[in-house]
Amino acid sequence: MPQARFNDALIAKGQEVLDAMRFASPALVQAVLLSDDGFEVARTPRMSESDGRFASMASSVQALSEAVVHELRSGTGDEMIIQASQGVVIQARVGTRPAVVSALFGTDESLGKCLVVTRRATATLEEAFASGAVSIEPF
Amino acid sequence: MAEHVILVVGPMGAGKTTAIATMSDIETVKTEAVNTERNVVDKATTTVALDYGEISLGPSEKIRLYGVPGQKRFDFMWQILKARAVGMLVLVKNDAQDPKADLLRFFEEFKEIHDRGGVVVGVTHSDVQPFPSTIDYQRLLAEHYPGAVAPVFTIDPRNRDQLVTMLSVLAASVDSRAMFSGR
Amino acid sequence: MFAGGASEVRDRPETVGWKSVATAIHSMRQLPMPMLLTVVSTDTQPLWIDFSTGRYYWELPLTSMPPQPGAVTVYSQPIEPGSPPYPWVAWRPMDPLLWQIGRFAFGSDRATWMKPGERYALQRWPNLTEIPHSAEEIRMIATLANGYLTADELGLLTGSDTASAQRVLNMLSLMGAVKPAGGPLAPPSVIAQSQPQPAQAQQQTQGSFGFFQRLRERISGGR
């Protein structure tokens, strides 16, 4: 269960968006919305155990991948893909917000579909941030 | 290429990112994120993966400086980075809530680096809070680790001369230990 | 003399130079109760040294310290627990003062309390970021952290000479930063491996401090 670190509106919207990912792709194993500095905002499925460690790791990996892109002068990082033997992790920042979506898909989904589902999720969240419906405030 | 990996460790807000930027020959690689824990340390950003800097000692030798995130939830990065380190600089903030506990925590976590190489402790913000003194910290380490004689210096992480002193002492400690162990 | 109750002032005879001040400082360290040392000289401002907190007060910067002061009078008095002397003055940590006095007091002669052939090991590092120091002094202090050494041995292992090594030992001893072996002790095995041929030993030692030397050359011009 995420700490009461983030406001209810953000948690609720995050949960809604992650649940929609599961509906769009039954191959989704797990997805997390995390803050830039590695705290979990929301996750799906909700019943899975969480000690927050994955969110910390995801934030480190996000920061490192963006550092690599910056170092190589290749624009901005869009998505990061980790291809594993039993699935694929797709990770993407929510627009320019201090928030990241990290999702693990099983092997029975095409990479293209995984990317589309993840992009739709981050776009929806970006709209919510832009409209002022949600925000991330320092705790 | 001969490489010497040196870690810069310590709690959040001690000055690690600043210290690496001060020492590095290159523009440092930073992995800063918006800090949502302003109640813990009032900083706008925090390191979430590592800081990276370099000091070139010649065409075929360099020092690689890695700054680790200070929060325990990033300790997986500590495991990854400490494996290759030959020495480390531990920074503690003297006006933190319990800087002695901070020092012991990081010294214990990274003790293998002390055992195989060298450690130098830098105390920041001692102009704001003069105690504990450097002697207090040295006594603390000696109590918990009999036989350990770790250098402890007051520093400002923006002061290059002071960081040069820390690095020099670290290098001399690594060299002299190797000499005595016959390496 | 200061807020904190009556205390006994012990006079010392007038002496010349920092040697006697250093000897008095060393004596103060051996006392069970914390002391305040007051040094009065015809050449300079009074100096106070508070052994209870390890701090000193002097109106002038240490760069103004005369290498050879004229007549010096030293007073000492116990400090009552919970009553630090002169709380309104800007006390400073003692390490830089003792480093300076140690350097002026004995030069490369052995300090008056040190025995010939005694071995010393480092007990704590001085706060070098607040003390002007050389690369040679860093090497010597780092070497003393590894075992008990005589001045001769310290000079040998660091590619230096006995006189320079003795000077560093004097300063560190005055600061309480080294401890004597307190009895006969065999030299560390590294000594046998480093025995001269002097030219060879020099080369060997420079090789031993290779990382340090290359770092100093790169970032501080070898100083």
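The values are calculated or read from the model by the stated rules, or taken from the named source; none is laboratory data. These figures come from a predicted structure and were not determined experimentally. FYI the Cβ positions are ideal-geometry reconstructions off the backbone, even for glycines, and counts take in every protein chain you see. All accessible areas refer to the heavy atoms of the entire protein, side chains included, with ligands and DNA or RNA removed. Shrake-Rupley method; radii C 1.70, N 1.55, O 1.52, S 1.80 Å.
Against the conditions (1) within 26 Å of C:GLN213 (Cβ to Cβ); (2) open to solvent by 30 Å² or more (accessible area, probe 1.4 Å), where does C:SER164 fall short? Just the number, please. Going through (1) within 26 Å of C:GLN213 (Cβ to Cβ); (2) open to solvent by 30 Å² or more (accessible area, probe 1.4 Å) one by one, C:SER164 breaks only (2). Can you confirm whether B:ALA19 is closer than 21 Å to B:PRO99 by Cβ, in a loop (DSSP other than H, G, I, E, B) and open to solvent by less than 20 Å² (accessible area, probe 1.4 Å)? In short, no. Residues in region C:179-223 that are part of a loop (DSSP other than H, G, I, E, B) and at pLDDT 80 or above: C:ALA181, C:GLY182, C:GLY183, C:PRO184, C:LEU185, C:ALA186, C:PRO187, C:PRO188, C:PHE209. From the list C:GLY176, C:GLY117, the lone residue that is on the phi > 0 side of the Ramachandran plot and either within 14 Å of the chain's Cα centre (by Cα) or assigned to a strand (DSSP E or B) (or both) is C:GLY176.
For region B:125-143, enumerate the residues that are within 11 Å of chain C (Cβ to nearest Cβ), in a helix (DSSP H, G or I) and open to solvent by 70 Å² or more (accessible area, probe 1.4 Å).
First, the residues of region B:125-143 that are within 11 Å of chain C (Cβ to nearest Cβ): B:126, B:130-131, B:133-139, B:141-142.
Keeping just the survivors that are in a helix (DSSP H, G or I) gives B:134-139, B:141-142.
Passing the criteria: only B:ARG139.
Considering only region A:15-35, state which residues are among the polar types (S, T, N, Q) and open to solvent by less than 10 Å² (accessible area, probe 1.4 Å).
Quick first cut of region A:15-35, residues among the polar types (S, T, N, Q) only: A:15, A:25, A:30, A:35.
A:SER25, A:SER35, listed by residue number.
Mind checking whether some residue in region A:102-112 is within 17 Å of B:ALA49 (Cα to Cα), at pLDDT 95 or above and touching a strand residue (DSSP E or B) at 6+ places or on another chain (Cβ under 7 Å)? Scanning region A:102-112, I find at least one residue that is within 17 Å of B:ALA49 (Cα to Cα), at pLDDT 95 or above and touching a strand residue (DSSP E or B) at 6+ places or on another chain (Cβ under 7 Å), so the answer is yes. When the residues of region B:147-173 are filtered to those that are open to solvent by 20 Å² or more (accessible area, probe 1.4 Å) and of a type in the set (Val, Ile, Thr), the one that is nearest to the chain's Cα centre (by Cα) is B:THR154.
Listed by position, the strands (runs of 3 or more DSSP E) contained in region C:32-99 that have at least 3 residues being open to solvent by less than 20 Å² (accessible area, probe 1.4 Å) are C:35-41, C:47-50, C:71-78.
Would you point out the residue of region C:120-132, among those that are part of a loop (DSSP other than H, G, I, E, B) and open to solvent by 50 Å² or more (accessible area, probe 1.4 Å), that is farthest from C:PRO66 (Cα to Cα)?
C:GLN123
Checking the condition within 9 Å of chain C (Cβ to nearest Cβ), within 30 Å of C:ARG218 (Cα to Cα) and of a type in the set (Phe, Trp, Tyr), which residue from B:PHE153, B:PHE107 passes?
Checking each option against the conditions leaves just B:PHE153.
Every residue in region A:92-138 that is under 16 Å from A:ALA42 (Cα atoms) and aromatic (Phe, Trp, Tyr), please. Scanning region A:92-138 gives a single hit, A:PHE129. Against the condition modelled with pLDDT under 95 and either within 14 Å of chain C (Cβ to nearest Cβ) or under 13 Å from the mean Cα position of the chain (by Cα) (or both), how does B:ASP102 come out, does it pass? No; evaluated as a whole, the condition is false for this residue.
Within region A:36-53, not a single residue is in a helix (DSSP H, G or I) and under 12 Å from the mean Cα position of the chain (by Cα). Here B:VAL29 qualifies as open to solvent by 20 Å² or more (accessible area, probe 1.4 Å) and within 14 Å of chain A (Cβ to nearest Cβ).
Between B:GLY10, B:GLY70, which is at positive phi and in contact with a Lys or Arg (Cβ under 8 Å, 6 or more places away or on another chain)? Steps first, answer last, please.
Values: B:GLY70 fails: at positive phi.
The conditions single out B:GLY10.
Across region B:32-48, the qualifying residues are those that are over 17 Å from B:LEU89 (Cβ atoms) and β-branched (Val, Ile, Thr), and the one among them that is farthest from the other protein chains (Cβ to nearest Cβ) is B:VAL41.
For region B:158-170, a tally of residues being under 18 Å from B:PHE106 (Cα atoms) and either in a loop (DSSP other than H, G, I, E, B) or in contact with a Phe, Trp or Tyr (Cβ under 8 Å, 6 or more places away or on another chain) (or both) returns 1. Each residue in region A:36-51 was checked for being in contact with a Lys or Arg (Cβ under 8 Å, 6 or more places away or on another chain), within 8 Å of chain B (Cβ to nearest Cβ) and either open to solvent by less than 10 Å² (accessible area, probe 1.4 Å) or free of Cβ contacts under 8 Å to residues at least 24 places away in the same chain (or both), and 1 of them qualify.
Report yes if B:ASP161 is within 10 Å of chain C (Cβ to nearest Cβ) and of a type in the set (Asp, Glu), otherwise no. Here the answer is yes, as B:ASP161 does meet what is asked.
If you scan region C:88-114, which residues turn out to be of a type in the set (Asp, Glu) and either modelled with pLDDT under 90 or within 9 Å of the chain's Cα centre (by Cα) (or both)?
C:ASP95
Looking at region B:1-16, which of its residues are assigned to a loop (DSSP other than H, G, I, E, B) and over 21 Å from B:PRO59 (Cα atoms)? Break it down stepwise before answering.
As a first pass, look at region B:1-16 and keep what is assigned to a loop (DSSP other than H, G, I, E, B): B:1, B:10-15.
Hits for region B:1-16 are B:GLY10, B:PRO11, B:MET12, B:GLY13, B:ALA14, B:GLY15.
The numbered conditions (1) surrounded by 14 or more Cβ atoms within 10 Å (Cβ to Cβ); (2) part of a helix (DSSP H, G or I); (3) of a type outside the set (Asp, Glu) are all true for A:VAL89 except (2). Could you please let me know if C:LEU149 is out of contact with any Gly (no Cβ under 7 Å at 6 or more places or on another chain) and open to solvent by less than 10 Å² (accessible area, probe 1.4 Å)? Criteria met by C:LEU149.
Step by step: first the residues of region A:113-139, then only those that are within 14 Å of chain B (Cβ to nearest Cβ) and surrounded by fewer than 21 Cβ atoms within 10 Å (Cβ to Cβ), then the one that is modelled with the lowest pLDDT. Which residue is that? By that ranking, first place goes to A:PHE139.
Every test in (1) among the aliphatic types (A, V, I, L, M); (2) in contact with a Lys or Arg (Cβ under 8 Å, 6 or more places away or on another chain); (3) more than 27 Å from C:THR42 (Cβ to Cβ); (4) within 14 Å of chain B (Cβ to nearest Cβ) is passed by C:LEU128 save one, and that test is (2).
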